[in-house]
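The values are calculated or read from the model by the stated rules, or taken from the named source; none is laboratory data. All values reported here derive from a predicted model rather than from experimental measurement. Cβ placement follows ideal geometry from the backbone for every residue including glycine, while neighbour counts extend to all protein chains displayed.
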Amino acid sequence: MSLRFLLLPALLLLTACESIELSRDYDRSRDFASYRSWSWKQPILLYTPNDPRIKSDLTEQRIREATDQQLEQRGLRPAPAGSQGDLQVQAALIVEQQQDLVSTSYGNYWGGYWGRGGYWGGPMVTETRNVTYKIATLQIDLYDSKDGKLVWRGSGEQVMRSAPPSPQERETAIRETVSKVLSQYPPH
């Protein structure tokens, strides 16, 4: 029975690590129904930190393709070649290292009530560890082409796995993240 109680928090933690935390912000004074077309703002993808281990033409291509598909599903059409759309789109990939202190307590009371003697067991022991992990954020910004101002920003943040994903896993993860981020557009 006690093993189940120990496994439950571990399973919840693993499930939480796989989820994407979404956020969005937008200019409430804008008429989003008036935006019909879009084009890329240069540079298309910003990297933070500007680290060659993170930068990748393949990642940029995957983000571009997923964004193209999602904007099309939301009724926004790519502007004709050489022209500027109603919106300019720019993405950012942000990778940050985080640290948490994790404490685990064990020991002390074992068993149950034993008549006159009460509870029995060893001393309580608490172990604290420093856990380091990386958080990846994919942010998509939409700018009004007429005045250049940011009108909508959506982002998805999640804990990165310690083992590098395969190319297929990367593509799937990028498609899912872009889909979830852009599911918040247009604002309701």
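Mind checking whether some residue in the range 179-187 is exposed (fewer than 14 other Cβ atoms within 10 Å of the Cβ) and either among the charged types (D, E, K, R) or part of a loop (DSSP other than H, G, I, E, B) (or both)?
no
So Q97 passes all but one of these: (1) touching a strand residue (DSSP E or B) at 6+ places or on another chain (Cβ under 8 Å); (2) closer than 23 Å to D144 by Cβ; (3) surrounded by fewer than 17 Cβ atoms within 10 Å (Cβ to Cβ). Which condition number does it fail?
Evaluating Q97 over (1) touching a strand residue (DSSP E or B) at 6+ places or on another chain (Cβ under 8 Å); (2) closer than 23 Å to D144 by Cβ; (3) surrounded by fewer than 17 Cβ atoms within 10 Å (Cβ to Cβ) leaves (2) as the failure.
If we keep just the residues of the range 135-160 that are among the charged types (D, E, K, R) and surrounded by fewer than 14 Cβ atoms within 10 Å (Cβ to Cβ), which is nearest to S83 (Cα to Cα)?
Applying the first criterion (among the charged types (D, E, K, R)) to the range 135-160 yields 141, 144, 146-147, 149, 153, 157.
From what is left, the residues that are surrounded by fewer than 14 Cβ atoms within 10 Å (Cβ to Cβ) are 146-147, 149.
Details: K146: 13, D147: 16, K149: 18 Å.
Once the filter is applied, the top-ranked residue is K146.
With the condition kept exactly as written, say whether any residue in the range 166-178 is surrounded by 14 or more Cβ atoms within 10 Å (Cβ to Cβ), over 19 Å from the mean Cα position of the chain (by Cα) and aliphatic (A, V, I, L, M).
The answer is no; no qualifying residue exists.
One line per residue, one yes/no per condition, for (1) in contact with a Pro (Cβ under 6 Å, 6 or more places away or on another chain); (2) at pLDDT 95 or above; (3) in a strand (DSSP E or B); (4) surrounded by 11 or more Cβ atoms within 10 Å (Cβ to Cβ):
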position	(1), (2), (3), (4)
R4	no, no, no, no
L7	no, no, no, no
A10	no, no, no, no
A16	no, no, no, yes
R24	no, yes, yes, yes
R30	no, yes, no, yes
S39	no, yes, yes, yes
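When you scan the range 136-158, do you find a residue that is over 25 Å from W38 (Cα atoms) and hydroxyl-bearing (S, T, Y), even just one? Please lay out each step first, then the result.
We begin by selecting, within the range 136-158, every residue over 25 Å from W38 (Cα atoms); these are 136, 158.
From the residues that got through so far, the ones that are hydroxyl-bearing (S, T, Y) too are none.
No, the conditions are met nowhere in the range 136-158.
Which of (1) within 16 Å of the chain's Cα centre (by Cα); (2) touching a residue at least 40 places away in the same chain (Cβ under 8 Å) is the odd one out, the single condition Q98 does not satisfy?
It is condition (2) that Q98 fails.
Would you point out the residue of the range 54-106, among those that are part of a helix (DSSP H, G or I) and basic (K, R), that is farthest from P123 (Cα to Cα)?
R64
Just to be sure I understand, how many residues within the range 133-149 are out of contact with any Lys or Arg (no Cβ under 6 Å at 6 or more places or on another chain), assigned to a strand (DSSP E or B) and of a type outside the set (F, W, Y)?
9
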